[in-house]
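Below is one structure, written out as structure tokens; comments come after it.
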Amino acid sequence: MSGTQEGIEARDLPYDVFAKACPSRGTLEHVTGRWGALTMGALREGSLRFNELRRRVDGVSEKMLSQTLQALERDGLVHREAQPTNPPRVDYELTALGHEVTERLLALIHCVEGRMDDVLAARERYDARRD
């Protein structure tokens with residue numbers, strides 16, 4: 001497909017993430033932000049409780065994880081299940097949409113992980129030129 005045809009098809013979409021007011025931009029930010037990507041990747045492994053998820057996503061604060069989960073739940077990517085127990089038990093899992101998005105996200109993560117030697121070499125070359 002030519003670049004022109006791809007551009008026409010992209011413009012035919014009802015949403016355009018490149019448009020400032022497009023609501024897809026916010027969802028893209030939730031998914032591709034550091035904590036969103038890591039949270040969704042962790043949930044691909046299955047349902048997790050809040051503290052299990054916090055341990056899995058090393059470095060995230062309780063506040064940031066809570067905000068991230070709320071944003072992903074609002075976007076329909078994560079399901080929150082509160083159990084009426086004492087103490088309360090809350091589990092998080094990906095929705096069907098969340099699984100679809102996470103599969104694509106993990107492809108990008110695996111690509112980056114697989115090319116880190118190249119990235120690190122590029123950083124060294126860049127830093128050497130800057131010094």
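The values are calculated or read from the model by the stated rules, or taken from the named source; none is laboratory data. Quantities reported herein were computed from a predicted structural model and do not represent experimental measurements. Heads up: the accessible areas ignore ligands, DNA and RNA and are worked out on the full protein's heavy atoms, side chains in. Shrake-Rupley method; radii C 1.70, N 1.55, O 1.52, S 1.80 Å.
Annotation: amide H-H contacts under 5 Å for Arg49 (H modelled 1.01 Å from N, sequence separation of 5 or more, or interchain): Tyr92. For the chain, the longest principal axis of the Cα atoms and the long axis of helix 62-74 meet at an angle of about 80 degrees. Per residue, the accessible area of region 38-81 comes to 60 Å², computed with a 1.4 Å probe over protein heavy atoms only.
Here the contact order of the chain, divided by its residue count and restricted to Cα pairs under 8 Å and six or more residues apart, works out to 20 percent. Using the rule -39500 (n - 2.57) for each DSSP H run of four or more residues, divided by the residues of the chain, the 222 nm mean residue ellipticity is -19500 deg cm²/dmol. Ignoring any ligand, DNA or RNA, what whole percent of the accessible area of the chain comes from carbon and sulfur when the probe is 1.4 angstrom? Heavy-atom surface of the chain belonging to carbon and sulfur, 1.4 Å probe: 51 percent. Helix 116-130 against the longest principal axis of the chain: what's the angle in degrees, Cα atoms only, rounded to the nearest 10? On a 0 to 90 degree scale, this one is about 60. Relative to the dominant Cα principal axis of the chain, helix 96-114 is inclined by about 50°.
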